[in-house]
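Q: Got a structure for you, questions after.
The values are calculated or read from the model by the stated rules, or taken from the named source; none is laboratory data. Being a predicted model, the structure only gives us computed values, none of them experimental. Cβ coordinates were reconstructed from backbone atoms using ideal geometry, including for glycine residues, and neighbour counts include every protein chain displayed.
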Amino acid sequence: MVINPEAANVLSSEFRLAEQAVHVCDWETAERILQERCSDEDMAEPLYQALQVWVRANLHHPDVAISINDLTVILMGQPECEDALYYRGLLNKRIDREKAALRDFVTVAKLNAGHMGALTEIKLLRDAGKRR
């Protein structure tokens, strides 16, 4: 899919606003931005979809397995979506599926060697495994 640069800037600014809200755990604002300021076309993008699943998982606390499945569906269409992998890893970790979580975090680190979140989670999971 080719996105024109002007549209990409608009998409990026809306997406970044939602991301900033997530970083301070302002789930309501993130959800509102995604619902009100992002078009249906925007929401077809895997990054937007992954962020929306993550926001809903934290705001509405649905069954974690459903959120994991939603992220897996996104990854079926775009296997290298770092955000979907990272969020799925966090959700797997939340329900004590450490091996699945570690697999996702390692994949993220392979895609982006500077992803501090994934690198931190890898270290935490490996350290916890050594203590067992």
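Q: Before we move on, is T120 modelled with pLDDT of 95 or more, farther than 21 Å from H23 by Cβ and not acidic (D, E)?
A: So T120 does not fit the description; no.
Q: Does A21 satisfy the criteria of being over 23 Å from R103 (Cβ atoms), small (G, A, S) and in a helix (DSSP H, G or I)?
A: yes
Q: Limited to segment 51-80, what total is found for residues that are under 14 Å from the mean Cα position of the chain (by Cα) and either closer than 11 Å to F15 by Cα or at pLDDT below 90 (or both)?
A: Final tally of qualifying residues: 2.
Q: Tell me, which helices (runs of 4 or more DSSP H) lie completely within segment 27-132 with 2 or more residues that are of a type in the set (S, T, N, Q)?
A: Here the list reads 46-59, 64-77.
Q: Of everything in segment 30-58, what is in contact (Cβ under 8 Å) with a residue 24 or more places away in the chain and in contact with an Asp or Glu (Cβ under 6 Å, 6 or more places away or on another chain)? Give them in sequence order.
A: C38, L47, Y48, A50, V53, V55
Q: Another question, then. Restricting to segment 107-132, name every residue that is surrounded by 17 or more Cβ atoms within 10 Å (Cβ to Cβ) and either farther than 17 Å from A50 by Cα or out of contact with any helix residue (DSSP H, G or I) (no Cβ under 9 Å at 6 or more places or on another chain) (or both).
A: Within segment 107-132, A109, E121, I122, L125 meet the criteria.
Q: So, one more: Count, please, the residues in segment 15-63 that happen to be more than 25 Å from M76 (Cβ to Cβ) and surrounded by fewer than 18 Cβ atoms within 10 Å (Cβ to Cβ).
A: 13
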